[in-house]
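Undergrad: Structure incoming, see below.
The values are calculated or read from the model by the stated rules, or taken from the named source; none is laboratory data. Predicted model only: the values in this text are computed from it and were never measured. Every residue, glycine as well, gets a Cβ built from its backbone with ideal geometry; the counts of neighbours run over all protein chains shown. The protein model used for the area step is the full one, side chains on, heavy atoms only, and it has no ligands, DNA or RNA in it. Shrake-Rupley method; radii C 1.70, N 1.55, O 1.52, S 1.80 Å.
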Amino acid sequence: MHKTQPFDTELAELTKKKKQVDAQIATLDARRHLSLKKDKDRIKWLLGNLVFDRLNADPVLENIVRRDLPERLTQRDHDRGLWQILFPEQ
């Protein structure tokens, strides 16, 4: 049984290293996921600003927003008067 100790020690060391590498992988994966989410959020914000800025100048875009946006509004959005900010005449 004396001969298995070096194997047990090496196995324990490798197991410890594997746990550390797995933790590093999980950390990097979480950072990558957060970075992708931030990028997507930034794109949505930029697109939203573009649509908002061009809304009154482009009748086709205005029709699309009038048609599709109401289904995305929550009751809280209605309570805050967001639709009236976009389209004060209604």
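Undergrad: List, in order, the whole-Hz ³J(HN,Hα) value for each residue of segment 81-89 obtained from phi through the Karplus relation with A = 6.51, B = -1.76, C = 1.60 and θ = phi - 60°; use x for Gly and Pro.
TA: These are the phi-based 3J(HN,Hα) values: x, 5, 5, 5, 5, 6, 10, x, 6 Hz.
Undergrad: Measuring with a 1.4 Å probe in the full set of protein chains, what accessible area per residue, in whole Å², belongs to the chain? It would help to have the intermediate numbers written out before the result.
TA: Numbers: 8340 Å² over 90 residues.
Per residue, the chain has an accessible area of 93 Å².
Undergrad: Using the Karplus equation 6.51 cos²θ - 1.76 cosθ + 1.60 (θ = phi - 60°), what ³J(HN,Hα) coupling, rounded to whole Hz, does each residue of segment 6-16 give in order, writing x for Gly and Pro?
TA: Once θ is set to phi - 60°, the couplings for segment 6-16 become x, 5, 5, 5, 5, 5, 5, 5, 5, 4, 5 Hz.
Undergrad: On a full-extension model of 0.36 nm per residue, what is the gain between Gln75 and Lys37, subtracting their alpha-carbon distance, rounded to one decimal in nm?
TA: Values: separation 38, 0.36 × 38 = 13.68 nm, distance 2.58 nm.
Gain on stretching Gln75 to Lys37: 11.1 nm.
Undergrad: Which angle from 0 to 90°, rounded to the nearest 10, does the C-alpha axis of helix 59-68 make with the longest principal axis of the chain?
TA: Between the helix axis and the principal axis of the chain, the angle is about 60 degrees.
Undergrad: Let's see if you can work this out: charge +1 on each Lys and Arg Cβ, -1 on each Asp and Glu Cβ, no other charges. What is the dipole magnitude of the chain about its Cα centre, in debye to the nearest 20?
TA: The dipole of the chain has a size of about 440 debye.
Undergrad: Using each residue's phi in segment 17-30, evaluate 6.51 cos²θ - 1.76 cosθ + 1.60 at θ = phi - 60° and report the 3J(HN,Hα) Karplus result to the nearest Hz, with x for Gly and Pro.
TA: Once rounded to whole Hz, the list reads 5, 4, 4, 5, 5, 4, 5, 5, 4, 4, 5, 5, 5, 5.
Undergrad: I'm checking a number: the convex hull volume of the Cα atoms of the chain, normalised per residue, in Å³. What is it?
TA: It comes to 151 Å³ per residue, whole-number rounded.
Undergrad: Right, another one. Which one, Val21, Ile85, Pro6, projects farthest toward the positive side of the charge dipole computed for the chain from Cβ point charges (K/R +1, D/E -1)?
TA: Pro6
Undergrad: Which residues in segment 64-90 have a backbone N closer than 17 Å to a point placed 7 Å from the Cα of Arg54 along the Cα-to-Cβ line?
TA: Under 17 Å, as judged by backbone N against the label point of Arg54, lie 64-69 of segment 64-90.
Undergrad: Here is a further query. Considering only protein heavy atoms, what is the solvent-accessible area of Trp45 at a probe of 1.4 Å, reported in Å² to the nearest 10?
TA: 140
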